[in-house]
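See below for the structure under consideration.
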Amino acid sequence: MVTPRRDSGSDRPSLKDARVLVVEARYYDDIADELLRGATEAIAASGAEAEVVTVPGALEIPQTVAILVEAAARASKPYDAVVALGCVIRGETGHYDIVAGESARSLMDLSVMLRLPLGNGILTVETEAQALARARVAEMNKGGGAAEAALAVLALKRAKAAERPDRTIGFTPRRAAETAE
């Protein structure tokens with residue numbers, strides 16, 4: 001069996017002052033409990049602070065992230081990373097494909113557009129048993145894995161920002177005010 005490479009994280013910048021938004025879908029409570037437990041334990045272990053917001057289902061996660069990230073920025077309390085948690089179990093209709101695909105696409109679009117580290121912990125599975133195995137902290141701990149992914153990208157972002165204070169990657173995005181002139 002192939003196992004994922006694990007990073008010790010020893011050379012990462014401190015994440016003590018980091019604010020991490022966790023948006024969880026509670027459609028399946030027992031699965032959501034495990035995903036949230038894994039994510040919050042990983043965030044706490046990094047020294048970062050988690051703020052948890054609950055939504056009904058996976059399709060509500062992307063717009064909630066967009067709304068809360070914008071509101072936090074306006075309040076001068078921006079989030080440094082986001083973790084999305086939820087579960088979509090295939091049923092007898094095509095709804096699964098829409099929910100799974102659109103939530104993942106929207107989260108990726110937000111992450112890239114905002115340059116925001118985002119860990120996608122929305123499980124897409126065939127059965128509840130598969131979901132529980134992936135969610136349980138004692139088993140696959142996908143909630144913890146999603147948080148660790150977001151934190152790893154945040155650490156990379158901070159390291160690169162320290163090297164290049166202007167925080168750009170070869171270009172500067174044009175602001176609306178600049179294009180209106």
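Label the range 95-164 by shape, choosing from rounded, prolate and oblate, from the square roots a ≥ b ≥ c of the eigenvalues of the Cα gyration tensor; if a/c is under 1.5 it is rounded, and otherwise prolate applies when a/b is larger than b/c, oblate when it is not.
In terms of gyration-tensor shape, oblate.
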(request) Straight distance only, please: which lysines reach the Cα of K77 with their own Cα at less than 19 Å, same-chain residues fewer than 8 apart left out? (result) K16, K157
(message) Just to be sure I understand the model, the point goes 7 Å from the Cα along the line to the Cβ. What's the resulting M108 to A71 distance in nm?
(response) 2.8 nm
(message) Probe of 1.4 angstrom, ligands and nucleic acids ignored: what's the accessible area per residue over the range 97-152, in square angstrom?
(response) 48 Å²
(message) What is the percent carbon and sulfur in the accessible area of the range 38-149, measuring with a 1.4 Å probe over the protein chains and ignoring ligands?
(response) 55 percent
(request) Note down the nm distance, to one decimal, between modelled labels 7 Å out along Cα→Cβ at D33 and at A129. (result) 2.1 nm
(message) What FRET efficiency comes out for V52 versus L156 if R0 is 22 angstrom and r is the Cβ-Cβ distance? Round to the nearest 0.05.
(response) 0.35
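Taking 45 Å as R0, compute the FRET efficiency from the Cβ-Cβ separation of D17 and T93 and round it to 0.05. Intermediate values should be presented prior to the final figure.
Details: r = 45 Å, r/R0 = 1.00.
Computed FRET efficiency for D17 and T93 comes out at 0.50.
The values are calculated or read from the model by the stated rules, or taken from the named source; none is laboratory data. Predicted model only: the values in this text are computed from it and were never measured. When we count neighbours, we look across all protein chains shown, and the Cβ atoms used for this are built from the backbone with ideal geometry, even at glycine. Surface accessibility is based on the protein's heavy atoms, side chains included, excluding ligands, DNA and RNA. Shrake-Rupley method; radii C 1.70, N 1.55, O 1.52, S 1.80 Å.
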